[in-house]
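Please treat every number below as a calculation from the coordinates, not as lab data. This structure is a prediction, so every number in the text was calculated from the model and none was measured. Glycine also receives a Cβ, built like all others from the backbone with ideal geometry; neighbour counts cover every protein chain displayed.
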């Protein structure tokens with residue numbers, strides 16, 4: 001079977017299973033073979049695939065046709081221009097989160113420039129998953145001359161933390177890092193200057209818009225926020241209020257219909273809402289808050 005024939009067959013399989021842009025997706029899947037990047041596919045369309053190449057390619061095609069995310073097949077997802085290792089058991093980073101991180105970075109740098117934050121900071125990323133939020137912010141802030149005294153990454157999932165650990169090594173994070181398997185907060189409050197969280201916020205039992213492939217393949221633990229998707233926010237707000245020993249800033253991600261509820265929950269636990277972020281689709285998707293005594 002030639003490259004051209006394999007792509008035509010794969011396109012048909014993907015199209016029958018409602019995968020968008022099936023030929024483009026087929027080429028992406030074929031490019032997962034290290035010797036068959038897109039340029040090579042175009043130059044050598046009449047080359048016959050080996051039995052091993054054919055088997056590997058169609059295993060990817062069939063898994064993708066069944067709805068498995070491309071990022072899991074590739075084992076990597078780009079976030080803020082960096083490759084983050086991902087796979088079953090960890091949430092795939094989303095563009096909305098990437099937009100939020102850029103927005104939070106602007107807020108932090110603005111506070112630093114005004115003298116309201118120092119040049120040495122401690123960060124806490126709650127429910128870190130792949131580590132994309134905490135690691136990205138730590139690296140971006142260090143690149144701008146800010147010393148990260150400690151980067152604390154927590155998650156209830158040991159599997160997710162294993163990906164965060166791999167990403168710390170792959171991306172050569174050099175600041176002091178503490179990984180902790182825990183339900184939300186570290187056992188010892190690190191007196192963080194900056195806290196971030198993208199917690200589970202989907203009401204899985206009652207959300208008709210939730211894609212079947214997401215629920216089937218991505219970890220329910222990272223998705224299900226209970227009734228109205230608010231259970232983890234309520235728990236997080238109360239626990240942060242209990243342990244806080246001084247002012248800190250909090251960046252939160254939430255669903256596109258949850259802004260008012262999230263604000264109310266955190267305002268009831270002595271947080272002030274400084275500003276909100278609207279995403280590319282016009283939905284309010286994130287908050288920037290400060291806790292006060």
Antiparallel versus total DSSP beta bridges in the chain: what percent is that, nearest 5? 45
Relative contact order computed over segment 166-225 (Cα-Cα under 8 Å; 6+ residues apart), in percent: 35
At 222 nm, what value in deg cm²/dmol follows for the chain if DSSP H runs of at least 4 each add -39500 (n - 2.57) and the sum is divided by all its residues, to the nearest 500? -12500 deg cm²/dmol
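Semi-axes of the chain's equivalent ellipsoid from the Cα gyration tensor, sqrt of 5 times each eigenvalue, largest first, rounded to whole Å?
Values: eigenvalues 309, 91, 52 Å².
Working through the eigenvalues yields semi-axes of 39, 21, 16 Å.
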Residues 130, 48, 197, sorted so that the one with the fewest Cβ neighbours within 10 Å comes first: 48, 197, 130
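So what is the diffusion coefficient of segment 58-183 in µm² per second by Stokes-Einstein at 20 °C and 1.002 mPa s, using a Kirkwood Rh over Cα pairs?
Answer, rounded: 140 µm²/s.
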Tell me, what is the FRET efficiency for residue 32 and residue 278 to the nearest 0.05, using R0 = 51 angstrom and their Cβ-Cβ distance as r? 0.90
Under 17 Å from a point placed 7 Å out from the Cα of residue 293 along the Cα-to-Cβ direction: which residues of segment 261-282 have their backbone N that close? 270-272
Assertion target for 175, 132, ordered by fewest C-beta neighbours within 10 angstrom first, is 175, 132
In bins 10 Å wide, starting from 0, what share of all Cα pairs of segment 164-293 does each bin hold, as a percent? 11, 37, 35, 16, 0
Could you compute the FRET efficiency for residue 66 and residue 184, with r as their C-beta to C-beta distance and R0 at 25 Å, rounded to 0.05? 0.15
Least to most buried among 114, 43, by other C-beta atoms within 10 Å and fewest first, runs 114, 43
Relative to the chain, whose Cα atoms define the longest principal axis, helix 95-113 and its Cα axis are tilted in degrees, nearest 10, by 40
Measure nothing fancy, just the Cα-based angle from helix 231-243's long axis to the longest principal axis of the chain, in degrees from 0 to 90, nearest 10. 40
